[in-house]
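A.B. asks: Structure below; questions to follow.
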Amino acid sequence: QKEVEQDPGPLSVPEGAIVSLNCTYSNSAFQYFMWYRQYSRKGPELLMYTYSSGNKEDGRFTAQVDKSSKYISLFIRDSQPSDSATYLCAMMRDSNYQLIWGAGTKLIIKP
Amino acid sequence: DSGVTQTPKHLITATGQRVTLRCSPRSGDLSVYWYQQSLDQGLQFLIHYYNGEERAKGNILERFSAQQFPDLHSELNLSSLELGDSALYFCASSVVWGAGDEQFFGPGTRLTVL
């Protein structure tokens, strides 16, 4: 079993929809949670970064962490075709600063 | 543009050969990380260097090695290449090395082993 599970998709939604992307994990030692966005043929770029549980909002993006359920989410409001990309979750322990990655979810926003 | 540069962009070689991938971190960044991304394995952490010293090893094969030079650029050496080594190889850099330190990724080197 992988430490971080993420549905690879693809997830296809119409423009303007609210998108929900999720990851589950098995290691309760994870404390730092990140969402990266990767466009085709490009390197990943950091979107959101959260420490421990709770919500964080940045513009149209909201990250949620539920440590009791070992579940993290990324919500995208008013989705745009430019949001079409692969979204990767990643997490890290306090004692070991190595990122553990999900497989990435391919998101397609249809105009 | 993240400020991390990688060369070459594409590399096509044959099985059994050896290649070197190069990475220049962002100005001022002391940490360099190498990742492999393939279709079936996703993004896999290979190795991390901080200010010239190896700090962590991930799923790096013994046929692979890396180093970080005094000017902080890094090279990833892949030898005795196999078909399964075909993948995107990313380098990332960060200011130091810690939980709150954002990693900035380069554009990657696409390696094809024939």
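A.B. asks: For a quick check of your reading: which strands (runs of 3 or more DSSP E) sit entirely within region B:9-114 and have at least 2 residues that are touching a Ser or Thr at 6+ places or on another chain (Cβ under 9 Å) and hydroxyl-bearing (S, T, Y)?
C.D. replies: Working: elements: B:10-13, B:19-24, B:31-38, B:42-50, B:53-57, B:64-68, B:74-78, B:87-94, B:109-113.
Per the criteria, B:31-38, B:42-50, B:87-94, B:109-113.
A.B. asks: In addition: Which members of region B:1-25 meet the condition of being open to solvent by less than 60 Å² (accessible area, probe 1.4 Å) and either within 14 Å of chain A (Cβ to nearest Cβ) or aromatic (F, W, Y) (or both)?
C.D. replies: B:S2, B:G3, B:V4, B:Q6, B:L21, B:C23, B:S24, B:P25 - these are the residues of region B:1-25 that are open to solvent by less than 60 Å² (accessible area, probe 1.4 Å) and either within 14 Å of chain A (Cβ to nearest Cβ) or aromatic (F, W, Y) (or both).
A.B. asks: Does region A:75-96 include one or more residues that are touching a Ser or Thr at 6+ places or on another chain (Cβ under 8 Å) and in a loop (DSSP other than H, G, I, E, B)?
C.D. replies: yes
A.B. asks: Let me ask you something else. Answer yes or no: is there a residue in region B:49-59 that is among the hydrophobic types (A, V, I, L, M, F, W, C) and under 20 Å from A:M91 (Cα atoms).
C.D. replies: Yes; the residues of region B:49-59 include at least one that is among the hydrophobic types (A, V, I, L, M, F, W, C) and under 20 Å from A:M91 (Cα atoms).
A.B. asks: Would you tally the residues in region B:68-84 being open to solvent by less than 10 Å² (accessible area, probe 1.4 Å) and free of Cβ contacts under 8 Å to residues at least 60 places away in the same chain?
C.D. replies: 2
A.B. asks: Would you check if B:L111 is open to solvent by less than 40 Å² (accessible area, probe 1.4 Å), touching a residue at least 40 places away in the same chain (Cβ under 8 Å) and within 22 Å of A:L47 (Cα to Cα)?
C.D. replies: Considered against the rule, which asks whether it is open to solvent by less than 40 Å² (accessible area, probe 1.4 Å), touching a residue at least 40 places away in the same chain (Cβ under 8 Å) and within 22 Å of A:L47 (Cα to Cα), B:L111 comes out as no.
A.B. asks: For the list (1) touching a residue at least 12 places away in the same chain (Cβ under 8 Å); (2) touching a His at 6+ places or on another chain (Cβ under 9 Å), I need the number of the one condition that A:Y97 fails.
C.D. replies: The one condition A:Y97 does not meet is (1).
A.B. asks: Here's another thing I want to ask about it. Does A:L74 satisfy the criteria of being open to solvent by less than 30 Å² (accessible area, probe 1.4 Å) and at pLDDT below 90?
C.D. replies: When the stated conditions are applied, A:L74 does not pass them.
A.B. asks: Restricting attention to region A:49-56, does a residue exist that is within 11 Å of another protein chain (Cβ to nearest Cβ), of a type in the set (F, W, Y), within 11 Å of the chain's Cα centre (by Cα) and outside any loop (DSSP other than H, G, I, E, B)?
C.D. replies: Looking through region A:49-56, at least one residue is within 11 Å of another protein chain (Cβ to nearest Cβ), of a type in the set (F, W, Y), within 11 Å of the chain's Cα centre (by Cα) and outside any loop (DSSP other than H, G, I, E, B).
A.B. asks: Residue by residue through region B:56-108, note down the ones that are of a type in the set (G, A, S) and away from chain A (no Cβ under 14 Å).
C.D. replies: Going through region B:56-108, the residues of a type in the set (G, A, S) turn out to be B:56, B:58, B:65-66, B:74, B:79-80, B:84, B:86-87, B:92-94, B:98-100, B:106, B:108.
Passing the criteria: B:S65, B:A66, B:S74, B:S79, B:S80, B:G84, B:S86.
The values are calculated or read from the model by the stated rules, or taken from the named source; none is laboratory data. The model shown is predicted, which means the values in this text are computed figures rather than measured ones. Virtual Cβ from ideal backbone geometry, glycine too; neighbours counted across all protein chains shown. Remember, those area values only see protein heavy atoms, side chains included, never the ligands or the DNA or RNA. Shrake-Rupley method; radii C 1.70, N 1.55, O 1.52, S 1.80 Å.
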